[in-house]
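No value in this document is a laboratory result; all are computed from the given coordinates. All of these numbers come straight from a predicted model, not from anything done at the bench.
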Amino acid sequence: MTARIPENPYESAKGIWNERYRHFLTAKRNWQILAMAALISNAAQAGGMAWLASRSQVVPYIVRVDEAGRSLVLGPAEATVITDSRIIAWQVQEYVQRVREVTPDRTAQKNILEAAYRTTRGAATTFLNEHFRAESPFAVMERRTVTAQVESLLQVSSNTWQAEWREIQRSVDGQTIGDERWTGQFTVEIDPPHTTDEITHNPLGFYVTHISWSRRL
């Protein structure tokens, strides 16, 4: 009969520890494999989405709806550059009206002048300051109002426009008391907005830098 060798408690403890450590290492390895697989999958999805985004093309169309609710597709919308002469001409026309008109409402007049000065810089600012010191619209409105009607605009150079307009003056009771014709030149520049305030009040970055005008006889 073979004698039974007594168990060594240290060897038994070592075996139990090795078994637990082996399970720990196996779990850690499996976690690392899963994490790497997830990382590769996310990278592949991000790359695929970027590739799809680079290939997709969205073409906006202009659609007009008439009074009866019928829609008419006019065609794809075309990008309009800020230097488009039609846009500049409209801005110049609006500018002339702002700096030449006089309304009977002080608050409205104040807002009009503030809008004009937001699109004025350089020598044009000095010109307007001198003009309004000599003939303040807030003093003029006590006697009459002035309506400016732009009759023609001509681009005389890449940055300068010539405008001709008519000014109709009315008394405080609405009677026509004057009808004058004026001509002026306005040098403009485009400086895209850089601040939130500029984006809000002058999104096109349109500025008048030089002004000259005179009454036509």
Projected-area average for the stretch 113-168 over all orientations - Cα convex hull basis, square nanometres: 4.8
Value of Rg to Rh for the stretch 85-216 (Rh from inverse mean 1/r over Cα pairs, i.e. Kirkwood): 0.97
Mean Cα-pair separation over length for the stretch 85-216, i.e. relative contact order, pairs under 8 Å, 6 or more apart, %: 24
